[in-house]
1. Residues in segment 31-50: is at least one closer than 25 Å to ASP81 by Cβ, over 10 Å from the mean Cα position of the chain (by Cα), surrounded by 12 or more Cβ atoms within 10 Å (Cβ to Cβ) and of a type in the set (A, V, I, L, M)?
2. Could you list, in sequence order, the residues of segment 80-108 that are free of Cβ contacts under 8 Å to residues at least 40 places away in the same chain, farther than 18 Å from THR39 by Cβ and either part of a loop (DSSP other than H, G, I, E, B) or touching a Pro at 6+ places or on another chain (Cβ under 9 Å) (or both)?
3. Which of the residues spanning segment 1-46 are within 15 Å of ARG59 (Cα to Cα), touching a Leu at 6+ places or on another chain (Cβ under 9 Å), modelled with pLDDT of 85 or more and not in a strand (DSSP E or B)?
4. What is the residue count in segment 51-65 for residues that are in contact with a Ser or Thr (Cβ under 9 Å, 6 or more places away or on another chain) and surrounded by 15 or more Cβ atoms within 10 Å (Cβ to Cβ)?
5. Do the conditions hold for ALA99, that is, is it at pLDDT below 90 and either exposed (fewer than 15 other Cβ atoms within 10 Å of the Cβ) or of a type outside the set (D, E, K, R) (or both)?
6. Note down all Cβ pairs under 6 Å where the first residue falls in segment 68-79 and is in a helix (DSSP H, G or I), the second is of a type in the set (D, E, K, R), and they're at least six residues apart or on different chains.
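The values are calculated or read from the model by the stated rules, or taken from the named source; none is laboratory data. What you are looking at is a predicted structure, and each value in this text was computed from that prediction instead of being measured. Here the Cβ is made from the backbone with ideal geometry for all residues, glycine too, and neighbour counts use every protein chain on show.
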Amino acid sequence: AAAVRMAMHSLARRFVGGHTTEEAVARLVQLRGRNLAATLDLLGEVTLSHREANVYQQRYLALLEQVSPQVAEWEDNPLLDRINGRPAPRLNLSVKLSAFCPQLEPAA
């Protein structure tokens with residue numbers, strides 16, 4: 001059981017950059033320093049009510065407000081910040097649409 005826990009922790013660390021915005025941004029800076037791009041995501045967005053959907057909306061908006069000024073200050077990295085010579089986003093934010101609408105059903 002201990003070996004499985006350790007393996008799961010190691011795997012999660014590879015994909016989970018932090019438990020707070022500050023931890024995640026620090027990890028993003030480390031990855032960027034190694035010329036690696038990343039996507040930011042809020043985990044666990046299971047929405048069963050409109051109230052929960054509003055909470056997720058506020059969390060995403062707060063995340064954008066916290067991260068945007070820091071990302072704007074990052075030093076330009078032509079390898080990551082350009083695609084075919086054109087500007088590219090410095091950071092992607094993954095948004096699960098079902099987090100904002102509890103009645104959203106996949107198209108058949």
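1. Step one: list which residues in segment 31-50 are closer than 25 Å to ASP81 by Cβ, which gives 31-42.
Imposing the further condition that a residue be over 10 Å from the mean Cα position of the chain (by Cα) reduces the set to 31-37.
Going one step further and asking which of them are surrounded by 12 or more Cβ atoms within 10 Å (Cβ to Cβ), we end up with 31-32, 37.
Imposing the further condition that a residue be of a type in the set (A, V, I, L, M) reduces the set to 31, 37.
Taking every residue of segment 31-50 in turn, at least one turns out to be closer than 25 Å to ASP81 by Cβ, over 10 Å from the mean Cα position of the chain (by Cα), surrounded by 12 or more Cβ atoms within 10 Å (Cβ to Cβ) and of a type in the set (A, V, I, L, M).
2. Those that are free of Cβ contacts under 8 Å to residues at least 40 places away in the same chain, farther than 18 Å from THR39 by Cβ and either part of a loop (DSSP other than H, G, I, E, B) or touching a Pro at 6+ places or on another chain (Cβ under 9 Å) (or both): ASN84, GLY85, GLN103, LEU104, GLU105, PRO106, ALA107, ALA108.
3. THR21, ALA24
4. The first filter runs over segment 51-65 and keeps only residues in contact with a Ser or Thr (Cβ under 9 Å, 6 or more places away or on another chain), leaving 53, 55-56, 62-63.
With the extra rule that they be surrounded by 15 or more Cβ atoms within 10 Å (Cβ to Cβ), the set shrinks to 53, 56, 63.
The total comes to 3.
5. The answer is yes for ALA99.
6. Pairs found: VAL71/ARG90.
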